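Read through the structure below, which is laid out as structure tokens, and then see the notes.
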Amino acid sequence: MKRYRPVAAVAAAVVLIQLATLILGKGFYLTQLTMSAYYVLAALGLCLVMGYAGQISLGQAGFFALGGYTTAFLTTRDLTDLGGTAFFTVLQGLGLVIPKETLYGGTVIHLSPWVSLAVALILAAAAAYLLGVPVLRLRGHYLAMATMGFGLIVYRIVLGTRLFGEADGLVNVPGFALVPGLEVSGEMSSRIANYYIAWLVVLLVLVLLINLINSRVGRALRSLHGGEEAASAMGVDTARYKVKVFVIGAVLSALAGFLMTHYNGGIGPSEAGVAKSVRYVAIVAVGGMANLWGTLMVGSVLNFLSLRGVFGHYDEAVFGLVLVVMMTFFPGGILGAGTLRTFKVRLVEILNRVRRNRKEVIHG
Amino acid sequence: MADLLSNPGFNPILRVEGLHKSFGGLHAVKDVSFNVNRGSIKAVIGPNGAGKTTLFNMMAGTFPPSAGRVCFNGETVTGEKPFQMARRGLLRTFQNLKLCTGLSVLDNILLGHHTRGSAGFLGGMGASRKSRREERRAVEEVMPLLEWLDLTGLARTEVGNLSFGQQRSVELARALAGDPALLLLDEPAAGLNMHETEDLARRIQEVRDQGRTVLLVEHDMSLVMDICDEIAVLNFGEKIAEGIPRDIQGNEAVIRVYLGGEDA
């Protein structure tokens, strides 16, 4: 049970932060803290892919958008015209359609988000599988480029398709009722509840991922990062494991996108942008790659600050800068042991190189 | 040879027939055939560049042969991947150590136990009863190996902090953790001192005495001559001799290209 202790610490921090906002009268912070949780969820999925399976993916935002747009699209259609068809009757029988009154007194019938949740996750898994099987044969930069290509495709599709609202995105997405009286939505009255729902999901996923990493499969995954040949020689079907991890990462990102879309009541194309994917990569890198805790902490802080607008117009630039600084000075993340020493070593290395180059310029 | 093959009791664990590998215009291995008898220790020797490691890699599935056939346990396995060979019971060590740095000694060795478990992604995530039980059993099963290799006190140590000799031991333990029927050792004595080499020789014999078959590629002549039941000699990709150590030591061709060359 020792391995769950940090989870308990995070849970305590979640409660303390909520109480702090209450005491300080900053309840509005909870909105950004809730959104941060969903971004962290997507980053945790990437942490598994990058840190533990050693695969760089620049397509995480594509999966996030896939989850968000799928539910936004499906739950805002009016199904009245389908009435009477066998498909509709089945859905109705299962209680998976929701009739609603419109502003003008008419009724529309919407699909239950439970259905779109299933569709979103299955779509993300299928897309990741189809993308992963050929692409995961590639290594390093090639994989990064191929996944970035996927991200660009998703971005361009949502931006250029009328049905997906083009540059405006999709709006008026209804709340997602978990149980009667408790729904994922941006209603002011349920702000505290939503904060806890979001972080509960994060904690739950964290527990699942910790379990995975500490299992037989997890050991094989940890060995992939750098020891692929050995893992294969010991009987690990490395190609298949990589695809599975990629699928898990994609499903988590799609789940995050799904929940965020119901929370915000909509989704726009910027969520699919490559800049967002780079942001996820930066978070995982700062957290120390194979470090779920690092991803969690860095992801919450940076996303919160970004959502509060602390970085102003330079939002994306900050994440870019973070990536440059990390790769140059802290390739092992900032939360690992020996961080300061690595920093010094790298700094001296770089300064020496600069000095040498200058000499060459002067004397050569 | 012919009468051996016609003998119904003759059942080699590994049979290599007409194995050939060319890289571009270079013929690294040319038409090599031999058997490895069940429960024996066999060595493949030869000067540098003779094609030993290439041959090894074809048997372990690292890359497929250009021509020829590999039979393991009576089944044709030519072109199978390393993980498939591992599942069949062929496990190997590497000449240039391939340990998973960042992982503990125990985790490295448990990786070798992979084929003996079955818990998957979902079982792992849910920490299912089966998955946890399997994990406990795996640790119990590999602990005697650590003891056997004097690694018990180092179980939790990060593998990168070990001496070279200890790292070699971890590689051996990792391969044995998978309960191999055939153990392939790629230059297991390289980089070891005399004392460590003696330990290794004793251990290889103990492995054989457990009923496993061992095939090794080796430079260290004394090790090979002392412990092997049979030796095959390669030169420029071709098999030039095969037999028991005494015959190999007296073989003119071998002395000329290999032993003689080394003494000179």
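Quick notes on this structure:
- For the stretch B:80-101, the set of residues classified as small (Gly, Ala, Ser) and out of contact with any helix residue (DSSP H, G or I) (no Cβ under 7 Å at 6 or more places or on another chain) consists of B:Gly89 only.
- Test: residue in the stretch B:92-100 that is crowded, with 19+ Cβ neighbours inside 10 Å, at the interface with chain A (Cβ under 8 Å from one of its Cβ atoms) and more than 20 Å from B:Leu215 (Cα to Cα): yes
Conditions (1) assigned to a helix (DSSP H, G or I); (2) exposed (fewer than 13 other Cβ atoms within 10 Å of the Cβ); (3) modelled with pLDDT of 80 or more, marked per residue:
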site: A:Val310; (1), (2), (3): no, yes, yes
site: A:His313; (1), (2), (3): yes, yes, yes
site: A:Glu316; (1), (2), (3): yes, no, yes
site: A:Val324; (1), (2), (3): yes, yes, yes
site: A:Ala337; (1), (2), (3): no, yes, no
site: A:Lys344; (1), (2), (3): yes, yes, no
site: A:Asn352; (1), (2), (3): yes, yes, yes
site: A:Lys359; (1), (2), (3): yes, yes, no
site: A:Ile362; (1), (2), (3): yes, yes, no
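- Close contacts from the stretch A:233-250, counting a first residue that is closer than 23 Å to B:Asn96 by Cα and free of Cβ contacts under 8 Å to residues at least 12 places away in the same chain and a second that is part of a loop (DSSP other than H, G, I, E, B) and β-branched (Val, Ile, Thr), with Cβ to Cβ under 9 Å and a gap of 6+ residues or different chains, come to A:Ala233/B:Thr62; A:Ala233/B:Thr93.
- Residues (surrounded by 24 or more Cβ atoms within 10 Å (Cβ to Cβ) and touching a Gly at 6+ places or on another chain (Cβ under 8 Å)) located in the stretch A:277-293: A:Ser277, A:Ala282, A:Ile283, A:Val284, A:Ala285, A:Val286, A:Gly287, A:Gly288
- Every test in (1) in a helix (DSSP H, G or I); (2) crowded, with 22+ Cβ neighbours inside 10 Å is passed by A:Ser57 save one, and that test is (1).
- Among (1) in contact (Cβ under 8 Å) with a residue 40 or more places away in the chain; (2) out of contact with any Leu (no Cβ under 8 Å at 6 or more places or on another chain), the one test that A:Tyr69 misses: (2)
- Only helices (runs of 4 or more DSSP H) whose full extent lies in the stretch B:154-264 are considered here, and the ones with at least 3 residues that are more than 23 Å from B:Gly39 (Cβ to Cβ) and either small (Gly, Ala, Ser) or modelled with pLDDT under 95 (or both) are B:164-177, B:194-209, B:260-263.
- The stretch B:45-63: number of residues that are within 14 Å of chain A (Cβ to nearest Cβ) and under 15 Å from B:Leu216 (Cβ atoms): 5
- Selection status of A:Gln92, in contact (Cβ under 8 Å) with a residue 40 or more places away in the chain and assigned to a helix (DSSP H, G or I): no
So that you can scan it fast, the table gives a plain yes or no per residue for (1) in a helix (DSSP H, G or I); (2) surrounded by fewer than 18 Cβ atoms within 10 Å (Cβ to Cβ); (3) touching a residue at least 24 places away in the same chain (Cβ under 8 Å):
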site: A:Ala9; (1), (2), (3): yes, yes, no
site: A:Ala13; (1), (2), (3): yes, yes, no
site: A:Ile17; (1), (2), (3): yes, yes, no
site: A:Lys26; (1), (2), (3): no, yes, no
site: A:Leu30; (1), (2), (3): yes, no, yes
site: A:Ala43; (1), (2), (3): yes, no, yes
site: A:Val49; (1), (2), (3): yes, no, yes
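- Of all residues in the stretch A:166-206, those satisfying the criterion of being touching a strand residue (DSSP E or B) at 6+ places or on another chain (Cβ under 9 Å) and small (Gly, Ala, Ser) are A:Gly169, A:Gly175, A:Ala177, A:Ser185, A:Ser190, A:Ala193, A:Ala198.
- Test: A:Glu228 is within 14 Å of chain B (Cβ to nearest Cβ) and assigned to a helix (DSSP H, G or I): yes
Per-residue answers, yes or no, for (1) crowded, with 18+ Cβ neighbours inside 10 Å; (2) at pLDDT below 90:
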position: B:Gly18; (1), (2): no, no
position: B:Ala50; (1), (2): yes, yes
position: B:Gly61; (1), (2): yes, no
position: B:Ser66; (1), (2): no, no
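- Criterion violated by B:Asn35 - all others in (1) free of Cβ contacts under 8 Å to residues at least 60 places away in the same chain; (2) more than 14 Å from every other protein chain (Cβ to nearest Cβ); (3) of a type outside the set (A, V, I, L, M); (4) surrounded by fewer than 19 Cβ atoms within 10 Å (Cβ to Cβ) satisfied: (4)
- Residues in the stretch A:197-221 that are over 18 Å from A:Val247 (Cβ atoms) and facing chain B (nearest Cβ under 7 Å) were compared, and the one that is farthest from the chain's Cα centre (by Cα) is A:Arg216.
- B:Glu238 vs. criteria touching a residue at least 12 places away in the same chain (Cβ under 8 Å) and either among the β-branched types (Val, Ile, Thr) or more than 14 Å from every other protein chain (Cβ to nearest Cβ) (or both): yes
- Criterion violated by B:Gly74 - all others in (1) buried (at least 21 other Cβ atoms within 10 Å of the Cβ); (2) touching a residue at least 40 places away in the same chain (Cβ under 8 Å); (3) not hydroxyl-bearing (Ser, Thr, Tyr) satisfied: (1)
- Number of positions in the stretch B:33-75 that are among the β-branched types (Val, Ile, Thr) and touching an Asp or Glu at 6+ places or on another chain (Cβ under 7 Å): 3
- Each residue in the stretch B:106-144 was checked for being more than 10 Å from chain A (Cβ to nearest Cβ), modelled with pLDDT under 95 and surrounded by 20 or more Cβ atoms within 10 Å (Cβ to Cβ), and 0 of them qualify.
- Among the candidates B:Asp220, B:Asp247, B:Asp186, the residue that is touching a residue at least 24 places away in the same chain (Cβ under 8 Å) and either over 15 Å from B:Leu91 (Cβ atoms) or among the β-branched types (Val, Ile, Thr) (or both) is uniquely B:Asp220.
- Some residue of the stretch A:244-254 being buried (at least 23 other Cβ atoms within 10 Å of the Cβ), more than 9 Å from chain B (Cβ to nearest Cβ), touching a Phe, Trp or Tyr at 6+ places or on another chain (Cβ under 7 Å) and not aliphatic (A, V, I, L, M): yes
The values are calculated or read from the model by the stated rules, or taken from the named source; none is laboratory data. Treat the numbers as computed from the prediction; the structure is a model and nothing was measured. Glycine gets a Cβ as well: all are built from the backbone with ideal geometry, and neighbour counts include every protein chain shown.
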